[in-house]
1. What's the total number of residues in region 119-143 that are exposed (fewer than 11 other Cβ atoms within 10 Å of the Cβ) and at pLDDT 90 or above?
2. For region 88-110, how many residues are open to solvent by 90 Å² or more (accessible area, probe 1.4 Å), within 17 Å of Glu68 (Cα to Cα) and either out of contact with any strand residue (DSSP E or B) (no Cβ under 6 Å at 6 or more places or on another chain) or among the basic types (Lys, Arg) (or both)?
3. In region 63-143, which helices (runs of 4 or more DSSP H) lie fully inside it and hold 1 or more residues that are touching a residue at least 12 places away in the same chain (Cβ under 8 Å) and within 16 Å of the chain's Cα centre (by Cα)?
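The values are calculated or read from the model by the stated rules, or taken from the named source; none is laboratory data. As the structure is a computational prediction, the values presented were derived from the model and not from experiment. So basically every Cβ, Gly included, is an ideal-geometry build from the backbone, and we count neighbours across all protein chains shown. Keep in mind that these areas ignore ligands, DNA and RNA; they rest on the heavy atoms of the full protein, side chains included. Shrake-Rupley method; radii C 1.70, N 1.55, O 1.52, S 1.80 Å.
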Amino acid sequence: VFAYPSLTKRGSKADSHNLVFRREREQTSFSFYLESEWTGGQRVNKAGEGLLQVWKRQIQQLHRVSSEVAAAIIAAYPSPLLLQKAYSECRTESEKVSLLSDLLIRRGEGITSTTQRVGPELSKRFYFLMHSCDPEVILDSSV
């Protein structure tokens, strides 16, 4: 039987939460998920520090978007508002769909580093993610 420690004014709820978290982690077959850095969320202070990391995590939630791809998008558009603004400045739908396609993705470091472009497929998926009002829209044609 699990018993909660006695609660004091300082840190009591956090301590009991950590004990429950550890117990759940030990009992689940998905401990890798509970220990992931993604489960802790991202702290954002009043000055806005941490927002860039939140934006990067949001981008990476799209299927087949690596941290390198997210970094390329963030380098060009450091916030969702700036990306929305860029989309609104495009004159045609095809410009909007291909807005991100020429962004360079850098992989690796030094002489083994490579670059490639985001490409039209991912650019199109990202456009639909940002603009679709249809909850049933399929963002990945390979699924």
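1. 0
2. So the count comes out to 2.
3. Filter on region 63-143 gives 67-76, 80-89, 120-131.
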